[in-house]
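This report refers to the structure that appears directly beneath it.
The values are calculated or read from the model by the stated rules, or taken from the named source; none is laboratory data. Keep in mind that what you see is a predicted model, and the values were worked out from it rather than measured. Counting neighbours? That spans all protein chains shown, and the Cβs are built from the backbone with ideal geometry, glycine included. Protein only, heavy atoms only, side chains kept; ligands, DNA and RNA dropped before computing areas. Shrake-Rupley method; radii C 1.70, N 1.55, O 1.52, S 1.80 Å.
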Amino acid sequence: MRRLYTFDTTLRDGEQSLGITLNVKEKLEIANQLVKLGVDVIEAGFPASSPGDFNSVNILSREIKGITICGLTRAVEKDIDICAQALQPADAPRIHTGLATSPIHMAKKLRMQPHEVIDTAVLAVKHSKKYVNDVEFYPEDAFRSDRNFLAKLFEQVIAAGATVLNIPDTVGYATPWEFGELVSFLMNNVKGIEKTIVSVHCHNDLGMATANSLAGIKAGASQVEGTINGIGERAGNTALEEVIMAIHTQRGLYGVQSKINSREIAPTSRLVSKITGVPVPSHKAIVGSNAFMHASGIHQDGVLKEKTTYEIIDPEMVGVPRNLIVLSARSGRHALKHRLEELGYDLQQPELESLYKSFLDLADQKKEIFDEDLHALMGYANIEKNCINLINVSVASSGPTIATATVTLEIKGEIQIDAAIGNGPVDAAFKAISRLVGIDTTLEDYSLRSISKGSEALGDATVKVKHADNEVFVGRGLSTDVIEASAKAYVNAISKIYALCSDKDI
Ligand code: KIV
Ligand code: ZN
């Protein structure tokens, strides 16, 4: 079996998604989970792009040990210098440098001749090699590049010291047959390629990122790049969990083996969704909440007779344990702890006690408590510890659009009440909260979805708000009452701004 290296770019390409900004603490939390998942490389950011990205790459290099930490650069000396400085504390640093090679990008974006692109690529690799041994080169928009030109360029960057050759389908234009063919062509026509690791990096504009990556692996690539839940620019990147489970399910077909611990897939997916505020669609392959549900009678009958009639993956393999007990208001602490442990949460006595209270509150409103409810309660266990807490929100509507909200908050231990009028109850509640806290924001995004089943299902609200210097803050709130869930989410986001601003003038 060939070794397949997994390169996770959730924190770089994933973070480039519209509306996602991660701070260092959030990146660290995701990176620690990626280590548990067993990825080989974490691309932590693009250090020259902002001081925040520099900081993230630098701190992850210091804190995350025993795995490769990678930083992205353009093929520009200054970028490479900054990246090398950020990666300095890493155990195994990698510089990922490159520039575009397709005719359209070279002519219109770079305004460079092909020979200038090759010279720049070689200089960038040589410059990177002054700092680190492990240098990955990316020819951006490789799939739309001339393959003979690509082969020539790869030979030159190998000679300059590149250890990994990336083949990006930057705009998600490829189909599996063509992409596999391109990888085969390069494997057979680039001198010295056998000394390098060949990597595939696909985007999902035509919904084929996973299929293209698999075609690349079958054609000889030994590194796959992707993100958790497939987040990324436009339609996203290859979803790593899909590639991992495809090569596991069809082991004989690909002849490769990764060192991923597949049981960490579901926890990683949940964490990334919680921190980025990007929900996972219920039908999403491998990690969607319906991915292992059987609804139709014929399917249910088949599964009851023999699971594998309709189940190609054992849910436990991806960290979704089977549930034999239904939790309700009558369940005790022991049953709750037992199920939480099966779901991967290890709670000590004081946390269990406070979670049990939230569990009972919820169980009073819902007949049955499902795993999704427990994940949500766990996800919100920390969020509840805001420096601002929602005590109460009540709304009155006057006419189809105008509403008044009265909000009670606890701000640093002090109870404060105010009311505001808004365009609907949620808007009115947000306005009252802003007034009470004294922070104005711009609402970038607001979404509400139901967790688990039934009319008393929990509402999970996510807000993304922008504050003064354009930083985006994500807040989430949970309640069986949708207005309360929305208000909680807004309080959660505004608390983060408040905590940052409390020493400054707001
Ligand atoms: O899609 C792409 O081309 C990239 C490169 C920077 C590797 O993300
Ligand atoms: Zn990309």
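For the condition hydrophobic (A, V, I, L, M, F, W, C), touching a residue at least 60 places away in the same chain (Cβ under 8 Å) and more than 15 Å from ligand 1 (Cβ to nearest atom), what is the one hit in Leu72, Leu60, Leu37, Leu87?
Numbers: Leu72 fails: more than 15 Å from ligand 1 (Cβ to nearest atom); Leu60 fails: touching a residue at least 60 places away in the same chain (Cβ under 8 Å); Leu87 fails: touching a residue at least 60 places away in the same chain (Cβ under 8 Å).
None of the other options fit; the residue is Leu37.
Listed residues Leu110, Leu123, Leu99; which is more than 16 Å from ligand 2 (Cβ to nearest atom) and touching a residue at least 12 places away in the same chain (Cβ under 8 Å)?
Details: Leu110 fails: touching a residue at least 12 places away in the same chain (Cβ under 8 Å); Leu99 fails: more than 16 Å from ligand 2 (Cβ to nearest atom).
Being more than 16 Å from ligand 2 (Cβ to nearest atom) and touching a residue at least 12 places away in the same chain (Cβ under 8 Å) holds for just one of Leu110, Leu123, Leu99, which is Leu123.
Say we look at the stretch 227-261 and pick out the residues that are open to solvent by less than 20 Å² (accessible area, probe 1.4 Å) and away from ligand 2 (no atom under 16 Å from the Cβ); which of these is farthest from the chain's Cα centre (by Cα)?
Here is the first cut: in the stretch 227-261, the residues open to solvent by less than 20 Å² (accessible area, probe 1.4 Å) are 227-228, 230-232, 236-241, 243-245, 247, 256.
When the remaining residues are screened for being away from ligand 2 (no atom under 16 Å from the Cβ), the result is 241, 244-245, 247, 256.
Numbers: Glu241: 11, Ile244: 16, Met245: 17, Ile247: 21, Val256: 25 Å.
Among those residues, the one meeting the criterion is Val256.
Under 26 Å from the mean Cα position of the chain (by Cα), assigned by TED's automatic domain parsing to the domain that holds Ala396 and either in contact (Cβ under 8 Å) with a residue 12 or more places away in the chain or closer than 20 Å to Val280 by Cα (or both), is that true of Val472? Even if it seems obvious, please write down each step before you answer.
On the way: under 26 Å from the mean Cα position of the chain (by Cα): yes; assigned by TED's automatic domain parsing to the domain that holds Ala396: yes; either in contact (Cβ under 8 Å) with a residue 12 or more places away in the chain or closer than 20 Å to Val280 by Cα (or both): yes.
Here the answer is yes, as Val472 does meet what is asked.
Could you give every pair whose Cβ atoms fall below 8 Å, whose first residue belongs to the stretch 293-319 and is at pLDDT 90 or above, and whose second residue is of a type in the set (S, T, N, Q), counting only separations of at least 6 or pairs across chains?
Ile312/Thr249; Ile313/Thr249; Met317/Ser262; Val318/Ser262; Gly319/Ser262
Need a quick list: strands (runs of 3 or more DSSP E) entirely within the stretch 398-493 having at least 1 residues that are open to solvent by 70 Å² or more (accessible area, probe 1.4 Å).
On the way: elements: 402-411, 414-423, 442-451, 458-466, 472-479.
Where strands (runs of 3 or more DSSP E) fall fully within the stretch 398-493 and carry at least 1 residues being open to solvent by 70 Å² or more (accessible area, probe 1.4 Å), they are 402-411, 414-423, 442-451.
Here's the yes/no breakdown for (1) free of Cβ contacts under 8 Å to residues at least 24 places away in the same chain; (2) away from ligand 2 (no atom under 16 Å from the Cβ):
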position	(1), (2)
Ile104	no, yes
Asp119	yes, yes
Asn133	no, yes
Arg144	no, no
Phe154	no, yes
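From the residues in the stretch 376-394 that are at pLDDT 80 or above and in contact with a helix residue (DSSP H, G or I) (Cβ under 6 Å, 6 or more places away or on another chain), which one is least open to solvent (accessible area, probe 1.4 Å)?
In the first step, residues of the stretch 376-394 are kept if they are at pLDDT 80 or above; the result is 376-378, 387-394.
Subsequent filtering for residues that are in contact with a helix residue (DSSP H, G or I) (Cβ under 6 Å, 6 or more places away or on another chain) retains 377, 387-388, 390, 393.
On the way: Leu377: 19, Cys387: 48, Ile388: 0, Leu390: 32, Val393: 26 Å².
The selected residue is Ile388.
Would you point out the residue of the stretch 161-198, among those that are within 13 Å of ligand 1 (Cβ to nearest atom) and of a type in the set (A, V, I, L, M, F, W, C), that is farthest from Lys129 (Cα to Cα)?
Here is the first cut: in the stretch 161-198, the residues within 13 Å of ligand 1 (Cβ to nearest atom) are 164-174.
In the following step, the residues that additionally are of a type in the set (A, V, I, L, M, F, W, C) were identified as 164-165, 167, 171, 174.
Values: Val164: 13, Leu165: 15, Ile167: 20, Val171: 29, Ala174: 32 Å.
Looking at the filtered set, the residue picked out is Ala174.
Quick check on the stretch 22-34. Is at least one of its residues within 16 Å of ligand 1 (Cβ to nearest atom) and either open to solvent by less than 10 Å² (accessible area, probe 1.4 Å) or basic (Lys, Arg) (or both)?
No, because not a single residue in the stretch 22-34 is within 16 Å of ligand 1 (Cβ to nearest atom) and either open to solvent by less than 10 Å² (accessible area, probe 1.4 Å) or basic (Lys, Arg) (or both).
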